1. Any idea which residue in region A:80-133 is surrounded by the most Cβ atoms within 10 Å (Cβ to Cβ), counting only those that are of a type in the set (D, E, K, R) and in contact with a Pro (Cβ under 9 Å, 6 or more places away or on another chain)?
2. Any residue that is more than 16 Å from ligand 2 (Cβ to nearest atom) and within 30 Å of B:R256 (Cα to Cα) - is there at least one of those in region B:153-163?
3. Just the residues that are farther than 14 Å from B:Q236 by Cβ, of a type in the set (A, V, I, L, M, F, W, C) and either more than 14 Å from chain A (Cβ to nearest Cβ) or surrounded by fewer than 16 Cβ atoms within 10 Å (Cβ to Cβ) (or both), please, taken from region B:23-73.
4. Taking B:R132 and the conditions (1) within 11 Å of chain A (Cβ to nearest Cβ); (2) at negative phi, which numbered condition does it fall short on, given that it satisfies the others?
5. Among the residues of region B:221-247, how many are out of contact with any helix residue (DSSP H, G or I) (no Cβ under 9 Å at 6 or more places or on another chain) and either over 24 Å from B:G30 (Cβ atoms) or not small (G, A, S) (or both)?
6. Taking region B:107-129 on its own, how many of its residues are away from chain A (no Cβ under 14 Å) and either of a type in the set (D, E, K, R) or touching a Cys at 6+ places or on another chain (Cβ under 6 Å) (or both)?
7. Just to check your reading of the model, which residue among B:D102, B:D134 is open to solvent by 10 Å² or more (accessible area, probe 1.4 Å), among the acidic types (D, E) and modelled with pLDDT of 95 or more?
8. In this structure, does A:A190 turn out to be open to solvent by less than 40 Å² (accessible area, probe 1.4 Å), over 19 Å from B:P156 (Cβ atoms) and either out of contact with any strand residue (DSSP E or B) (no Cβ under 9 Å at 6 or more places or on another chain) or of a type in the set (A, V, I, L, M) (or both)?
Amino acid sequence: MWKTVLRRVLIMIPQLILLSIIVFMLAKMMPGDPFTGLINPNSSPKEIARLKQAYGLNDPVPVQYVRWIKNLLHGDLGQSYIQHVPVASLIADRAQNTFWLSLLSTIFLYGIAIPMGISAGKHEGEWQDRAISVFNYVTYAIPGFVFYLLGLWLFGFTLGWFPISGTVAANASGFWGVFFSRLQHMILPAILYAIIATTGTVQYLRTGIIDNKVEDYVKTARSKGVPEKVVFNKHILRNSFLPIAAFMGNTITGLLGGSLIIETVFSFPGMGKLFLDSISQRDYTTLTALIMIFGTLTLLGNLLSDIIMSLVDPRIRVK
Amino acid sequence: MDNQQNVLLDVEKLHTGYRLQGEFYDAADGIGFTLKCNEILAIVGESGCGKSTIVSSIVGLYDRKNTRVEGEIRYKNLNLVNLSEDLFNQVRGNNIGMIFQDPMASLNPLMKVGDQVAEALLYHTDMNKQQRRDRVIELFNQVGMPKPEAMYDMYPHELSGGLRQRVVIAMAVACKPEIIIADEPTTALDVTIQAQILDLLKKIQKESDSGIILITHDLGVVAETADEVAVMYAGQIVEKADVKTLFTHPLHPYTRSLLNSIPQSDGDKDDLHVIQGTVPSLKNMPRTGDRFAARIPWIPAEAHEVDPQLHEVEPNHFVRCTCWKTFHFQDEG
Ligand SMILES: Nc1ncnc2c1ncn2[C@@H]1O[C@H](COP(=O)(O)OP(=O)(O)O)[C@@H](O)[C@H]1O
Ligand SMILES: [Mg+2]
C-alpha cells in the first residue's frame, strides 16, 4: 500500500517539473514584466534596465527558471503586480475562503445527491425515479450562471434572505458572530451550486444501483437469507458507490480550486474569482502561481482518488 | 416403496409465469416431482426450458411484481409458494442452500470470501464472531480449500474459478441445509475442475444425508452424479426415471435426441446428432399439443397425443405423450 503511494508520488515529480516548465514558458511569453505598473512611467529606460539587471531578468532563461523554482519551493510566489502584496499571502487568504465555501457546497451536494441517487435507483421506473430524472434534466440544461443569477435575484435581492456578496458582515464580532455571518454568506451560493452540480453523482449512483441489484452476488446474498435491507445497504449500495469514490480525491482537492462562476456571481473573494481577476487585470505573477497550484491540485487529486479507490476496492489494491 | 418420511420436497402442479407486455406466460407449466433425502435429482434440458425458473420458484428469488407462482411446493409442513419474504429468509440458507452457475459473478467483489460465508451463519445461528470464523475455516477444510485459515481473508478476485465455486459451496452448506439446489454449478468451469466440483457435491451429500437438486444441460454431468433424472422441455417435464433406466431405456424423443447428441469418446463423429431447431421463446411456446413436435417434423401428427399427459409406463418411469412408441430418428427412415 505505502509502496504504491510512494511510487505514485515519485511519478508525480516529473509531471510537476513538466507542468512548471510549461507554466514558466507561458509566463515568459506574456506581455509585461514585474515592473509594469510598479514604476513611474517617467522612469528613464536606463533606470528600467538597471532594475531588470538587479532582478535578474537579463539572465539566461534556464537560470531564471531555476531561481523561480527555488523561490516556489520556499513558498515565495512573487509579488502581485497589481495589488502590491506577496502572491502567497493573497492566495492564502482566498484559498481559505474558497475552502470553506467549497466544503459547505460539497456537504450540500452529497446531502442532496446521494439520497436522490439512492431513491431513483431503488425505485427505478416509479414516480420517484421519474421526478428525479426531470430534476436532473432541468438542472443539467440550465447554465450555471443563469441559475446562480436567478437564485441571487430571488433569495438575495427580492426576498432578502441572504447577503448578496462578500464573506462576512462588517459589523460581525466575536467568534460566533463572525462564524454565523460567514455561514450566512456562504449558504446561498453553496446550496445553489450543490443543486446544479448533482446530475453526475445522482446518475452514477442510480445506474450503479440498477446495475448492481441484478448482479449474481446479490442473488447469492439473498439465497443466504440475508434480509433485503441488509442486501441493499451492505451489498448493492457499497458496490454502487465505487464510481463516486473514483472522483472523491479530485472532489477533495477541488475544494481549494473554487468555482469561477459562483464566486464571480456572488463577488465572493475566493480562488476562482482571484483567477478571473488576475486574468482581467493582467496580474501575471498571480496568474502563473494559480495555474501552478491548480495543476498541482489536479495531480494530487488523481493521486488521492487512486488511494481512495485502493482503500475501498480490493481489486485495485496493489501489494 | 416410497417412504413418505424421506420426502424433503414435494412439488405439485407448479406454474410459474413471467409478465411480458402485461400478460403472464408460464415458463414452468405444471411441474411435479419429489426430492428425497440422500438423493441427487437432476433436472436436465436445453437452455430456456425453464430449469432456473423452477429453482427461483422454490427459493422465492423472483421479482414478485412480474412473476406469478401457482401450485404447491411442500417443504415439511410449509408451502413455499408465495411465502412471505421474511419466511423465505428463514428458509433460504438455513434449510435450503443454493449454488449458482458463475462463481466469478456470484461472490461480492468487495467482501472477504470468509466473511461472505460467515454471513450465512450470522442470520441462522447464534454463534459469535470467533465461532463463525472457526466454522468457516472448518467448512473451507470440508470443501477442500488449501490453507483454509489464509483463505478466509482473501478476496474473490484472488481465487481461481474452482476455488471460488468451493467458497460458494461452503456458503451453501454452512448451516447444514437438508436441501441443496445447484443451478448449473459446473457450466462455467474448466472440464478438469468440473469433475472435482461434482465429486465434492457427491461427498457433501453423503456426509449430510441431504437431498440435492442438480440443474444442468449436460447429460454427462447427470450420468456422473444423479440418482433420479427429470428431463425438461419447454416448461414441462417430458420424462422422469432413475438414472440407470434413463440412460439404458430412454423413451421420449427429446431424451433420445439429447442422448444422441452427446459426443461418444469411442463413437464415430459422423453419428453425432444435432436436434433441429431451438427451444421456443417464452412468448412463442406452444400451449397445446406436443411441444416437441415442431423439432421432429418427420413424425406424423397422429403419433402425438392431443393433450400430452405424463404416463407411468413402468414403475417410476414417466413419459409424456405416446409418440415415443413410434418415434425414430430421421435418418433411420
Ligand atoms: N425474469 C424473467 N422474465 C421474463 N422471462 C423470463 C425470466 N426469466 C426467464 N425467462 C424466460 O423463461 C424461459 C425459461 O427460462 P429459464 O428458467 O432461465 O430456463 P433455463 O434455466 O432452463 O435455461 C426462457 O424463455 C426465458 O427467456
Ligand atoms: Mg438456467
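1. Among those that are of a type in the set (D, E, K, R) and in contact with a Pro (Cβ under 9 Å, 6 or more places away or on another chain), it is A:R94.
2. For region B:153-163, residues more than 16 Å from ligand 2 (Cβ to nearest atom) and within 30 Å of B:R256 (Cα to Cα): absent.
3. Answer for region B:23-73, where residues must be farther than 14 Å from B:Q236 by Cβ, of a type in the set (A, V, I, L, M, F, W, C) and either more than 14 Å from chain A (Cβ to nearest Cβ) or surrounded by fewer than 16 Cβ atoms within 10 Å (Cβ to Cβ) (or both): B:F24, B:L35, B:C37, B:I40, B:L41, B:A42, B:V69, B:I73.
4. Of everything listed in (1) within 11 Å of chain A (Cβ to nearest Cβ); (2) at negative phi, B:R132 misses just condition (1).
5. 5
6. Qualifying residue count, region B:107-129: 2.
7. Answer to the check: B:D134.
8. So A:A190 passes the test.
The values are calculated or read from the model by the stated rules, or taken from the named source; none is laboratory data. Computed from a prediction, not measured in an experiment: that's the story for all the values here. No Cβ is skipped: glycine too gets one built from the backbone with ideal geometry, and neighbour counts run over all protein chains shown. Accessible surface areas use protein heavy atoms only, side chains included; no ligands, DNA or RNA. Shrake-Rupley method; radii C 1.70, N 1.55, O 1.52, S 1.80 Å.
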